[in-house]
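The structure under discussion appears below in the form of structure tokens.
Read-outs throughout are calculated quantities, based only on the coordinates presented, and are distinct from any laboratory measurement. Computed from a prediction, not measured in an experiment: that's the story for all the values here. With ideal geometry, Cβ positions are generated from the backbone for all residues, glycine too; neighbour counts draw on all protein chains shown.
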Amino acid sequence: GGSDAINTEIITLTRFLTEEQTKHKEATGDFTLLCHSLQFAFKSIAYYIRRASLINLSGLAGSANSTGDDQKKLDVIGNDIFISAMRSSGCVRILVSEEEEDPIIFNEYPNARYAVACDPIDGSSNLDAGVSVGTIFGIYKLAEGAQGTKEDLLRPGTDMVAAGFTMYGASSELVLTMKDGPVNGFTMDAALGEFILTHPNMQMPKKRHIYSVNEGNSLWWADPIKEWCNSMKVPEKEGGKPYSARYIGSMVADAYRTLLYGGIFAYPADKKSPKGKLRILYECAPMSMVFEQAGGQAVNSKMDRMIEVVPESIHDKSGIFMGSYDEVQKVIDIHNKHK
Ligand code: AHG
Ligand code: MN
Ligand code: MN
Ligand code: MN
């Protein structure tokens, strides 16, 4: 019959979260509630981005954030949406956002057990050009007796209970992983208003000839990075092909492509930015968890496992190389050779 082709057993994010909760007998439901609030924040941010040109939301807000970025109007709105969603979940004690100098402590929920780090809009310099942007998040469970201070977030990414990101592109995509679990990809069905599980258990290709880096910074790179980047342009074997360059300038979009197609994304530390550009808590750590759990690797500029790095401050930065296992290994091998 005609209904054969229609899948009535769609796994929505809501259903997925309910099923996850059922698997964990000890679960109180708080994490599920938190994810429902995250989901609302994503939908809401995506909605305003889509309408930005129509409702006077393009351009700068006229302020800068604590890492020195000029804030766009949508950076401010995305941040407000995120804060409100996290507060109203009732499960978040402390929130660190790229757009807030200090952590936000939700004193109205003293028993809330989660801490969240977020980049409300990643790639915001691309917003007015209609290029894909997204939201990055990492979720930590507070230690027993934690008071809800910023020290509760100065922990390695290995302490996260879940992490992921969205990409608001031709469709809105959500990539979500829980500690030691698979990486799952959901696509927003605008008509249903639901994220649908479209990419269960994402595993990235082990290698792929694609590299993604802002080569405009190469003047300030150290020798091993120059050597690695030059090696991308020379075929390994005679008759072979060099790598393709792909750099969007929105980490979420470069990361999403890299997860699906394979390759490597890098934002190295350099002489001009000795700590790199990307921020550990809400950019590097969540991406590292996703990439490792999808079978890839993520390291910092010292070639240490990125997810083990402990930030010194909430907006602390790091160089990063992340991607297919073999592609990141090439960078590590070149660095070892230079030691
Ligand atoms: P954000 O928009 O959240 O401040 O992050 C911008 C980041 C990241 O999205 C991107 O990979 C990188 O900055 C691009 O930096 P360059 O313009 O220096 O290449
Ligand atoms: Mn920014
Ligand atoms: Mn960002
Ligand atoms: Mn941002």
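Around the Cα centre of the chain, unit charges on the Cβ atoms of Lys, Arg, Asp and Glu (plus for the first two, minus for the last two) sum to a dipole of about 740 debye. Using a Gaussian network model on the chain with a 10 Å cutoff between Cα atoms, which of LYS207, LYS25, LYS226 fluctuates the most? So, out of LYS207, LYS25, LYS226, the one fluctuating most is LYS25. For the chain, would you read off the P(r) tail past 27 Å as a percentage of all alpha carbon pairs? The calculated P(r) of the chain puts 44 percent of pairs beyond 27 Å. Quick check: from the Cα gyration tensor, does the stretch 217-304 come out rounded (a/c under 1.5), prolate or oblate? Verdict is oblate for the stretch 217-304.
I need LYS241, LYS339 ordered by Cβ neighbour count within 10 Å, fewest first.
Working: LYS241 9, LYS339 6.
Least to most surrounded, the residues fall as LYS339, LYS241.
Specify which residue in the list VAL92, PRO156, ALA129 is farthest towards the positive end of the charge dipole of the chain, using unit charges on the beta carbon of Lys, Arg (+1) and Asp, Glu (-1), about the Cα centre. The one lying farthest along the dipole's positive direction is ALA129.
Taking one quarter of the surface of the convex hull spanned by the alpha-carbon atoms of the stretch 26-106 gives a direction-averaged projected area of 5.8 nm².
Out of all DSSP beta bridges in the chain, what portion is antiparallel? Express it as a percent rounded to 5.
Values: 45 of 54 bridges.
Within the chain, antiparallel bridges account for around 85 percent of the total.
What ranking of TRP228, TRP221 emerges when the number of other C-beta atoms within 10 Å of each C-beta is taken as an exposure proxy, fewest first? If you can, show how the numbers build up before the last one.
Details: TRP228 23, TRP221 19.
So the residues, fewest neighbours to most, are TRP221, TRP228.
Among the GluC sites (Glu not before Pro) found in the stretch 190-266, those both in a DSSP coil and sparsely packed, with 11 or fewer other Cβ atoms within 10 Å of their Cβ, are GLU236, GLU238.
Hey, what number do you get for the chain at 222 nm if only DSSP H runs of n ≥ 4 count, each worth -39500 (n - 2.57), divided across all residues, to the nearest 500? Intermediate values should be presented prior to the final figure.
Working: 7 runs with 93 residues, N = 339.
Taken over the chain, the calculation gives -8500 deg cm²/dmol.
State whether the stretch 137-270 is rounded, prolate or oblate according to the following rule on the C-alpha gyration tensor (a ≥ b ≥ c being the square roots of its eigenvalues): a/c under 1.5 gives rounded; otherwise a/b larger than b/c gives prolate, and the remaining case gives oblate. Write down the numbers at each step before the final one.
Values: a/c = 2.33, a/b = 1.41, b/c = 1.65.
The shape class here is oblate.
Across all C-alpha atoms in the stretch 101-175, the radius of gyration and Dmax reach 15.0, 46 Å.
Semi-axes of the stretch 156-206's equivalent ellipsoid from the Cα gyration tensor, sqrt of 5 times each eigenvalue, largest first, rounded to whole Å? All intermediate terms of the calculation are to be shown ahead of the outcome.
On the way: eigenvalues 98, 31, 20 Å².
Each semi-axis is √(5λ); the values are 22, 12, 10 Å.
Overall, the ratio between the Cα radius of gyration of the stretch 272-323 and 2.2 N^0.38 Å, rounded to two decimals, is 1.02. Amide H to amide H distances under 5 Å link GLN71 with ALA61, GLY62, SER63, ALA64, ASN65, where only residues 5 or more positions off or on other chains count and H is placed in the peptide plane. Across the cross-link table entries LYS241/LYS317; LYS72/LYS241; LYS43/LYS72; LYS237/LYS339; LYS25/LYS275, which are compared at the Cα atoms, the separations over 31 Å belong to LYS241/LYS317; LYS72/LYS241; LYS25/LYS275.
Candidates ASN214, ASN184, GLN71 compared by Cα position along the dipole of the chain: farthest toward the positive end lies ASN214, with charges placed on Cβ.
Can you pull the Kirkwood radius for the stretch 1-137, inverse mean 1/r over Cα pairs, to one decimal in Å? Before the final figure, lay out the partial values.
Values: mean 1/r = 0.0600 Å⁻¹.
Over the stretch 1-137, the inverse of the mean reciprocal pair distance is 16.7 Å.
Computed about the Cα centre, the dipole magnitude for the stretch 125-202 is approximately 120 debye when only Lys and Arg (+1) and Asp and Glu (-1) carry charge, each at its Cβ.
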